[in-house]
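The values are calculated or read from the model by the stated rules, or taken from the named source; none is laboratory data. Given the structure is predicted, the values throughout are model-derived calculations rather than measurements. Counting neighbours? That spans all protein chains shown, and the Cβs are built from the backbone with ideal geometry, glycine included.
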Amino acid sequence: MTTPFILTVSNRKGGTGKSTTSVNLAAEWAARGTRTLVVDLDTQGHAGLGLGIAPPKGSPAAHDMFRHPTFELLSAVTATSWPSLSCVPADPLFDGTDACRDVSILARQLRRIEVAAAFDVIILDTPPSLDFVLTNAMAAADGVLIPLLPHILAAEGVKQLSRLFFRIATSANPGLKMLGLLPVMVNARVNHHREVISGVTRQFGAERMLRGIRSDISLAEAFAAGQPVRSYAPKSRGAMDYHLLAEEIPRLWRRPLPLPSSQSRASA
């Protein structure tokens, strides 16, 4: 049985488009027939909101696995309105005070046989704080994607996460791969945006830079409506950019997604 590819979407800086990227990448892959699960590890719960999920108070949530060693992750999986796309919502009340700090909790959950049988790709939307939840996500992942804003502090956030990446890759997860840096909310006509992206490219290497996501109000509007942008505004810049990114990433991890050949973007 093929194990699911686990992608962690992370940045130590908040407001960098982690949830927007998690939701829209997941929707693109699901639309191709790939069984995709989003695990919302940020207590703000934005990934769940972006997929139109508002679970009742007290229902199973992603953070329960850190409280209870016998917790079954599949018990918290919630279907979305889109075929092949599911989500494990966050617990907004989780503060970590009653949690186990074992770095391998999430990896054990995601590598279980029943999870592998249910999903092809798992996307982890992570918190910006440097805590055991983020460390668990890095330890469980096959690859890390780092969204970044074209802001003067962008490089600092990437550097901070890179230090954690190398620590985890040399200790808990030697197979972890840095898939790349993803500029988001980019406006090529703004000099500062071009300068920041150029500086990050020089610092981390052109081979690390992925296709950027252009600034598009449709992305925010879609999120507010609880929909992926491919459903809310399929002809928008944001929808096209995430469509192209969804094609680019599998080539980076050199593992094809199980995509039906008859599936087309227009059939969404």
task: Test Pro127 against the stated conditions and say whether it is surrounded by 22 or more Cβ atoms within 10 Å (Cβ to Cβ) and within 29 Å of Leu244 (Cα to Cα).
output: no
The residue from Thr16, Thr34 that alone is part of a loop (DSSP other than H, G, I, E, B), within 19 Å of Leu74 (Cα to Cα) and in contact with a Leu (Cβ under 7 Å, 6 or more places away or on another chain) is Thr34
Selection from region 37-85 of residues farther than 19 Å from Leu7 by Cα, assigned to a loop (DSSP other than H, G, I, E, B) and of a type in the set (Asp, Glu) yields Glu72
In region 131-159, anything closer than 20 Å to Asp216 by Cα and either out of contact with any Lys or Arg (no Cβ under 8 Å at 6 or more places or on another chain) or of a type outside the set (Gly, Ala, Ser) (or both) is listed as Ile146, Pro147, Leu148, Leu149, Pro150, His151
In region 116-160, anything in a helix (DSSP H, G or I), out of contact with any helix residue (DSSP H, G or I) (no Cβ under 9 Å at 6 or more places or on another chain) and at pLDDT below 90 is listed as Glu156, Gly157, Gln160
Flagged in region 102-115 as closer than 24 Å to Leu145 by Cβ, assigned to a loop (DSSP other than H, G, I, E, B) and free of Cβ contacts under 8 Å to residues at least 40 places away in the same chain, in numbering order, are Arg112
Suppose the filter is surrounded by fewer than 17 Cβ atoms within 10 Å (Cβ to Cβ) and among the small types (Gly, Ala, Ser); does Ala137 pass it?
no
Next item on the list: Taking Lys177 as the residue in question, decide whether it is modelled with pLDDT of 90 or more and charged (D, E, K, R).
Entry: yes
Checked against (1) outside any loop (DSSP other than H, G, I, E, B); (2) aliphatic (A, V, I, L, M); (3) over 18 Å from the mean Cα position of the chain (by Cα), Ala99 satisfies every condition except (1)
The residue from Ser86, Ser129, Ser104 that alone is polar (S, T, N, Q) and over 24 Å from Val158 (Cα atoms) is Ser86
